[in-house]
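Engineer: Handing you a structure now.
The values are calculated or read from the model by the stated rules, or taken from the named source; none is laboratory data. Not measured: the values here are computed from a predicted model. Neighbour counts are summed over all protein chains in view; Cβ atoms, including those assigned to glycine, are modelled from backbone coordinates with ideal geometry. Just the protein is used for accessible areas: all its heavy atoms, side chains included, with ligands, DNA and RNA removed. Shrake-Rupley method; radii C 1.70, N 1.55, O 1.52, S 1.80 Å.
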Amino acid sequence: MFKDRNDAGNQLATLLAKYKDDDVIVLAIPRGGLPIGASVATFLNAPLDVVLTKKIGHPNNKEYAIGAVSLESIILSNSNVLDNNYIKRETERIRRTLKERHKQYYKNCSPKKLKNKTVIIVDDGIATGNTLLATIALVQKQRPTKIVVAIPVAPPSAIYKISKLEHVEEVICILQPNNFRAVGQFYKNFEEVTDQKAIQILDSFKSKKVSGI
């Protein structure tokens, strides 16, 4: 188990040391991914940014991801058995939330450019991997040099799915338990990361001078 997200981020950071000489941007999936991203970005002396994606929950179980949405794209699993009207409504609702977060997180600045960068995507854990698939699709559109995925914990099936993507250079995952039920199961402290805390972490990196930036 991890003590908390900071502990998980520090452990991940040491496994990413080989990317220290690359032109790196760390992309965190809000909100739980931001403390992880902060630890990794600090270790690599790299800028930190967010990528805005959110899962679409199953109509009968909102915690089970059947797809994911970004401001620009959508990815679905088993879409042939889903209600198109439900998907449309959820996509519109989620995008309203993402637009609001975009305003909160970026205020008077813009997302960092990812072209020709080594992009390290982090989160505090994944279940189905669908949100991450949408994130990778969004990032790839900006033509980075490499996409690396770094996750503290995920089931083997999700890691296999992500590692098969041709645009992913490497997937690093510390724990891959077969008895996976939820991400929080593997943290002693899994307090919610509020929007206020997430913005605070992001703002602290905006004020830092990173070498080469």
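Engineer: How about the range 115-180: which trypsin sites (Lys or Arg not before Pro) there lie in a loop by DSSP and see at most 14 other Cβ atoms within 10 Å? Kindly include the intermediate steps, with their values, before the conclusion.
Structural biologist: Details: sites: 115, 117, 141, 146, 161, 164; in loops: 115, 117, 141, 164.
Sparse-neighbourhood loop trypsin sites (Lys or Arg not before Pro): 115, 141, 164.
Engineer: Full extension from residue 191 to residue 20: what is 0.36 nm times the residue separation minus their Cα-Cα distance, to one decimal in nm?
Structural biologist: On the way: separation 171, 0.36 × 171 = 61.56 nm, distance 2.99 nm.
Here the answer is 58.6 nm.
Engineer: Here is a follow-up. In percent, what relative contact order does the chain have, based on Cα pairs under 8 Å that are 6 or more apart in sequence?
Structural biologist: Numbers: 381 pairs, mean separation 53.3, N = 213.
Result for the chain is 25 percent.
Engineer: Which value, in debye to the nearest 20, gives the size of the charge dipole of the chain about its Cα centre, when Lys and Arg are +1 and Asp and Glu are -1 at the Cβ?
Structural biologist: The dipole of the chain has a size of about 560 debye.
Engineer: How much accessible surface area, in Å² rounded to 10, belongs to the heavy atoms of residue 167 with a 1.4 Å probe?
Structural biologist: 90
Engineer: Pick from 90, 72, 169: which residue has the top mean-square fluctuation in a GNM of the chain where Cα pairs under 10 Å get a spring?
Structural biologist: Of 90, 72, 169, the most mobile in the Gaussian network model is 72.
Engineer: Roll a 1.4 angstrom probe over the protein heavy atoms and tell me the percent of accessible area of the chain that is carbon or sulfur. Please list the in-between numbers first.
Structural biologist: Details: 5130 of 11050 Å².
The nonpolar share, carbon plus sulfur, comes to 46 percent.
Engineer: What length, rounded to one decimal in nm, is gained on full extension from residue 176 through to residue 102, with 0.36 nm per residue of separation minus their alpha-carbon distance? Kindly include the intermediate steps, with their values, before the conclusion.
Structural biologist: Numbers: separation 74, 0.36 × 74 = 26.64 nm, distance 3.17 nm.
So the chain would gain 23.5 nm between residue 176 and residue 102.
Engineer: With every protein chain present, what is the per residue accessible area of the chain (1.4 Å probe, Å²)? It would help to have the intermediate numbers written out before the result.
Structural biologist: Working: 11050 Å² over 213 residues.
I get 52 Å² per residue for this part.
Engineer: How would 64, 106 rank on accessible area, largest to smallest, probe 1.4 Å? Intermediate values should be presented prior to the final figure.
Structural biologist: Working: 64 115, 106 10 Å².
Reading off the accessible areas and sorting them downward yields 64, 106.
Engineer: Need the full-extension length gain, residue 145 to residue 203, defined as separation in residues times 0.36 nm minus the C-alpha distance. One decimal, nm. Kindly include the intermediate steps, with their values, before the conclusion.
Structural biologist: Values: separation 58, 0.36 × 58 = 20.88 nm, distance 2.61 nm.
So the chain would gain 18.3 nm between residue 145 and residue 203.
Engineer: How big is the antiparallel share of DSSP beta bridges in the chain, given as a percent to the nearest 5? Don't skip to the answer; put the middle values down first.
Structural biologist: Details: 9 of 28 bridges.
Just about 30 percent of them are antiparallel.
Engineer: Report the label-to-label distance for residue 73 and residue 163 in nanometres (one decimal), using points 7 Å from each Cα along the Cα→Cβ vector.
Structural biologist: That separation, rounded to one decimal, is 2.2 nm.
Engineer: To continue, here is another question. Express the Stokes-Einstein translational diffusion coefficient of the chain in µm² s⁻¹, to the nearest whole number, given a Kirkwood radius over alpha-carbon pairs, 25 °C and a viscosity of 0.890 mPa s. Provide the component values of the computation, followed by the final result.
Structural biologist: Numbers: Rh = 17.4 Å.
Translational diffusion coefficient: 141 µm²/s.
Engineer: DSSP loop trypsin sites (Lys or Arg not before Pro) in the range 1-110 with at most 15 other Cβ atoms within 10 Å of their Cβ, which ones?
Structural biologist: Values: sites: 3, 5, 18, 20, 31, 54, 55, 62, 88, 89, 93, 95, 96, 99, 101, 103, 107; in loops: 3, 20, 31, 107.
Sites meeting the loop and neighbour criteria: 3, 20, 107.
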